[in-house]
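Below you'll find the structure, written out as structure tokens, and then a few comments.
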Amino acid sequence: MPIDYGHISKTYDNFRSYRYSEIMQLIGFGKIQAGMKVLDLGCGTGNLSAQLLECVPVEAIGIDKSLGMLKKANTKALQVLCADADANPLPFKNDSFDIVIGAYVIHHIRSRTALIKDCFRILKDDGAMILLTSSHDHIERLHPVIREFFPSLIELDKKRFPDTEELDDIFQTAGFDDIRHEELVLSDIPIDMVYLEKVKNKFVSTFYLLSDNEFQAGVAKLEKFIANSREPVSREWRGLMMYGKKSSG
Ligand SMILES: C[S@@+](CC[C@H](N)C(=O)[O-])C[C@H]1O[C@@H](n2cnc3c(N)ncnc32)[C@H](O)[C@@H]1O
């Protein structure tokens, strides 16, 4: 089932934002510095760029194919452009950006190799491509609620998310070197009524992959778990950051 980001755009910002610690980890990992020109690929409502801009004064441009998501992004401090990242070439000249970031978008892309090659083209020498995503290990083991409450999502998500080895191959094929990975860790996520509300509102597109019956059963189980918890429960989420450099020469 295709994910309808026009529909999701209406509530996305109510349930999704980055923690300050995530942005700071991204800045360190990607060596993002003031004055750099950054492309936010699949920028959605522009959260990542807007929050990045609060920490480091870069020039941020976002592209996305959903007009609904872009309408929200357009109210924030980045420039936006409607473009389908699957329809190469991207609408930018060679050597345009210092950094290209694709945050939680690569699983939506059909022609991944073509896209990453085109990102290489639009990066300046010594520029870098950064992906935020989930590896199969993260999907299997390191999600706060999926394994216990929505177990069939594991195989569904593994089908759509490329695993680390596939991404490594694509980065190498595209010409990137200095390929590095780092785990993004969100600790102390409260599994409480606020979290339940986020799940009920399908705050990650993953939940749209389930049949309505399975989704409702998982929500009911999670609700019961929260109601029966005597102590506050918090869990960790772990994801993957991946980096590749376009070395000069
Ligand atoms: C999970 S959201 C992530 C949004 C944003 N990067 C963030 O971290 O909040 C995925 C975004 O990718 C966009 N997207 C999916 N396929 C795309 C494509 N082929 N070209 C451009 N954007 C795409 C969707 O419209 C959606 O806004």
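In deg cm²/dmol, rounded to 500, what helix-only [θ] at 222 nm does the chain give when every DSSP H run of at least 4 residues adds -39500 (n - 2.57) and the total is split over its residues? Estimated from H runs of four or more residues: -11000 deg cm²/dmol.
Magnitude of the charge dipole for the range 1-108, about its Cα centre and with charges confined to Cβ atoms of Lys, Arg (+1) and Asp, Glu (-1), is about 200 debye. Taking 0.692 mPa s as the viscosity and 37 °C as the temperature, the Stokes-Einstein diffusion coefficient of the chain based on its alpha-carbon Kirkwood radius rounds to 175 µm²/s.
Give me the percent relative contact order of the chain, please, defined on Cα pairs under 8 angstrom at least 6 residues apart.
On the way: 449 pairs, mean separation 50.3, N = 249.
So the answer I get is 20 percent.
Close amide-amide hydrogen proximity is noted between residue 240 and 133, 134, 135, 184, each under 5 Å apart and 5 or more residues distant or on a separate chain (H modeled in the peptide plane; Pro and chain starts excluded). Remark: the range 225-230, residue by residue, has Karplus-estimated 3J(HN,Hα) of 4, 5, 5, 8, 6, 6 Hz, where x stands for each Gly or Pro and the curve is 6.51 cos²θ - 1.76 cosθ + 1.60 at θ = phi - 60°. Straight-line reach from residue 221: taking Cα to Cα under 15 Å and skipping same-chain neighbours fewer than 8 places apart, the aspartates and glutamates in range are 148, 192, 197, 212. For the range 103-146, the residues whose backbone nitrogen is under 18 Å from a point 7 Å from the Cα of residue 198, taken along Cα to Cβ, are 103-105, 132-135, 138-146.
Pairwise Cα distances in the range 50-155 exceed 16 Å in 67 percent of cases. The lysines whose alpha-carbon is closer than 16 Å to the alpha-carbon of residue 72, local same-chain residues fewer than 8 away aside, are 10. Only lysines eight or more places from residue 124 in sequence, or on another chain, were considered; those with a Cα closer than 19 Å are 31, 37, 93, 245, 246.
From the residues 17, 103, 241, which one has its Cα farthest along the dipole of the chain in the positive direction, the dipole being from +1 and -1 charges on Cβ of Lys/Arg and Asp/Glu about the Cα centre? In the chain, that residue is 17.
All of the numbers you see were taken from the coordinates with simple rules; none came from a lab. Just so it is clear, the structure is predicted and the values come from calculations on it, not from any experiment. Reconstructed Cβ throughout: ideal geometry from the backbone, glycine too, with neighbour counts over all protein chains shown.
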